[in-house]
1. When you scan region 283-297, do you find a residue that is modelled with pLDDT of 90 or more, open to solvent by 50 Å² or more (accessible area, probe 1.4 Å) and over 15 Å from residue 343 (Cα atoms), even just one?
2. Restricting to region 383-408, name every residue that is under 19 Å from residue 501 (Cβ atoms) and part of a helix (DSSP H, G or I).
3. For region 312-326, enumerate the residues that are closer than 19 Å to residue 518 by Cβ, open to solvent by 20 Å² or more (accessible area, probe 1.4 Å) and either part of a helix (DSSP H, G or I) or not assigned by the TED database to the domain that holds residue 286 (or both).
4. Which residues, counting only those in region 20-57, are modelled with pLDDT of 85 or more, in a helix (DSSP H, G or I) and not acidic (Asp, Glu)?
5. Within region 413-444, can you find the residues that are open to solvent by 60 Å² or more (accessible area, probe 1.4 Å) and β-branched (Val, Ile, Thr)?
6. Name every residue in region 601-645 that is among the small types (Gly, Ala, Ser) and either at pLDDT 85 or above or not assigned by the TED database to the domain that holds residue 582 (or both), in order of residue number.
7. Would you please name the residue that is nearest to residue 597 (Cα to Cα), looking only at residues in region 630-654 that are of a type in the set (Val, Ile, Thr) and outside any strand (DSSP E or B)?
Amino acid sequence: QKVQEDLNKQLLDNLVSFFSRSHSEFQEKTTEWTCRMKFKEIPTAALVLGVNVTDHDLTFRSLSDFLQNNITPYIAFLEAKDCPGIKNLMQKLMGQLMNCYIDVDSLEDEDYVQVSQNRIRCSMSSLVKWYESVTKQTNSETPSKKRTFSSTHWQSPPVVVIFKDMESFTTKVLQDFVVISSQHIHELPLVLIFGIATSPMIIHRLLPHSVSSLLCIELFQSLSIKDHLSTIIDKLLLTGQFPFKLGGKVLQVLINIFLYHDFSVQNFIKGFQLSIVEHFYSQPLSVLCCQLVDLQKRVNSLSHDQCENIRRLPSFRRYVEKQESGKQVALLTTDNFLKEETQKLLEDLHVYHENYVLVLRCLYVFTSSLPKYPLGKQIRELHCACLENQVWETEEYESSLQLARMLNKSDLVTMLQQCVEILLSSSRKEFDNTVEKLKKFLTQFQNLEAEAFQEQDVSVSSQKEFQKKTDLYHLQKTLLELKESRRSKKLTKFEMLRFEVVDYIDSLVRKYLVPADHRTLHEILYFNTAAVLRGHLNAAPRTALHTALNNPHWYLKNQALKCDGGSISNKAPDICIVYKLHLECGRLINLVDWLEAFSTVVMAGEEPNAETASSDQMDDIIHARFIRAVSELELLGFIKPSKQKTDHVARLTWGGC
């Protein structure tokens, strides 16, 4: 929430500036406001938030809190589902502004709202009278008795109406409201905010020119969705503040759902929270996933069973195999020695992550400045590539190095300066030598400038000599000499230094950007079970339906419903019986044959009883149960009526799940 508030700060500041301009004109009754009154224009903010509709609520909530705390207490949120007509819109608007409950169903035939003991007509004139009375009463009261306004609210605060989902409103409702409001803009400081998910052009598609000309529209654009996600990952994952980490495959699952499903940062955060819950629920050693200050206390409190869990970890087994025989015996038999080694390994893992983040940012400085983006344009893409594989073994990394070896001096100097700033931002002394090395490179680039000027003078003189030789024989001879010199040409000092810089960055990558799953005890801090997370987040409704209808005991936990092979139990729910029978049919299903098969299954195993209903009544009951089950199956989308034969239905699903 803190990160998203920071991301929305610029947007909120721009909106406040917009409100201040609009409101100052109303209060001072300036010439500009007089002109606007003449044309009956309503100040309108077109707020383009993007297609991630699920994130809009948080933005509007932040906007509402900010406005209520600093500008005005009069804010109304309108949604298309609550405003099918202009009467419903006015009821909702006045109900929110006057802080009274509106029962739309009970007021379906009335145009009034109940405020205290009075019934007020839902109209713009009534809203104007109410606003004048409230502001007049507030201005006449002493500051200690003011309840409606805060000390931070403006005098005669504006009335803000926010259309959360403008695209969903009907054209007639919007037109009527804008036209009616424009008639009272000289009496009521009304400000509209249109929440737009697609494009600002939707305003002109919904409103004709005669209506849109009544709006003084100013456009506001929120931060890009991908930039929003990159900032979230940067602040939540690429930091040493939180001990819990996401593995490469898990992070890729969350990013793919974000990019290919909903573009929702809120859902990405929910997936991150679900990963935390799943990790601490399924990993017995998650008690050690903590800050360094608490690590020693938690390690010392480990039980013998928890020590055995550590010994079972695959990464710890690989670590033990690399040790000498005496240490192997101590690690596998002595709990105290194991605890000491575990604490040391976990401390090294925390240090690894801090170093990883710093070098990752330095590498991103280089890759993001290349003309192409082999390793991705965003830091999250680079982070995923480094987590999943040894990035220096990939073709994309080799392409990035080749492109980096062709950068000019100014770009290289800028990148080295940024890397120095990144490494200096850390308090770790491990990178002191690295910083000194990078500063040395910067000094060498500066020393090359004077030599570059001298080389330029030499090249100019050689060109002049070349231009003097106009004889064909000498011209051919000179061209051959130039060709031979280019073949045997040695690298310049700048090119050698550029290669040295790129090779040094490559050495840092190979040293510090080792994938997390190569580190010992990474299972304690990193959540890597991507399949479990994918099963939670990627719903498979058809598979769930097939399981429920084909094996009802799976969900009902009733062993009496369990069947062997392809048999059908008569104790199963009717829809399960009908579903299993329909799996045995072809493209068209005869309803009469289907009913007979259903009746046979239902009546199987039932002994005749004198007290039961007659045969005709029993057939009617079975017939009714069959019709209901078939209707439910049609509702679920497994069958549909056939136009070829009236007594048949068409099957819609094929294959197993």
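1. yes
2. Passing the criteria: 391, 392, 397, 398, 399, 400, 401, 402, 403, 404.
3. Answer for region 312-326, where residues must be closer than 19 Å to residue 518 by Cβ, open to solvent by 20 Å² or more (accessible area, probe 1.4 Å) and either part of a helix (DSSP H, G or I) or not assigned by the TED database to the domain that holds residue 286 (or both): 312, 314, 317, 318, 319, 321.
4. The one that is modelled with pLDDT of 85 or more, in a helix (DSSP H, G or I) and not acidic (Asp, Glu): 56.
5. 414, 443 - these are the residues of region 413-444 that are open to solvent by 60 Å² or more (accessible area, probe 1.4 Å) and β-branched (Val, Ile, Thr).
6. 624, 629, 631, 637, 642
7. Among them, the one singled out is 630.
Residue-wise test of (1) within 33 Å of the chain's Cα centre (by Cα); (2) in the same structural domain as residue 303 (by the TED database); (3) under 19 Å from residue 291 (Cβ atoms); (4) without any contact (Cβ under 8 Å) to a residue 60 or more places away in the chain.
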site	(1), (2), (3), (4)
328	no, yes, no, yes
332	no, yes, no, yes
344	no, yes, yes, yes
347	yes, yes, yes, yes
364	yes, yes, no, yes
376	yes, yes, no, yes
383	yes, yes, no, no
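The values are calculated or read from the model by the stated rules, or taken from the named source; none is laboratory data. Computed from a prediction, not measured in an experiment: that's the story for all the values here. For neighbour counting, all protein chains shown are included, and Cβ atoms are generated from backbone atoms with ideal geometry for every residue, glycine included. Calculation scope for accessible area: heavy atoms of the full protein, side chains included, ligands and nucleic acids excluded. Shrake-Rupley method; radii C 1.70, N 1.55, O 1.52, S 1.80 Å.
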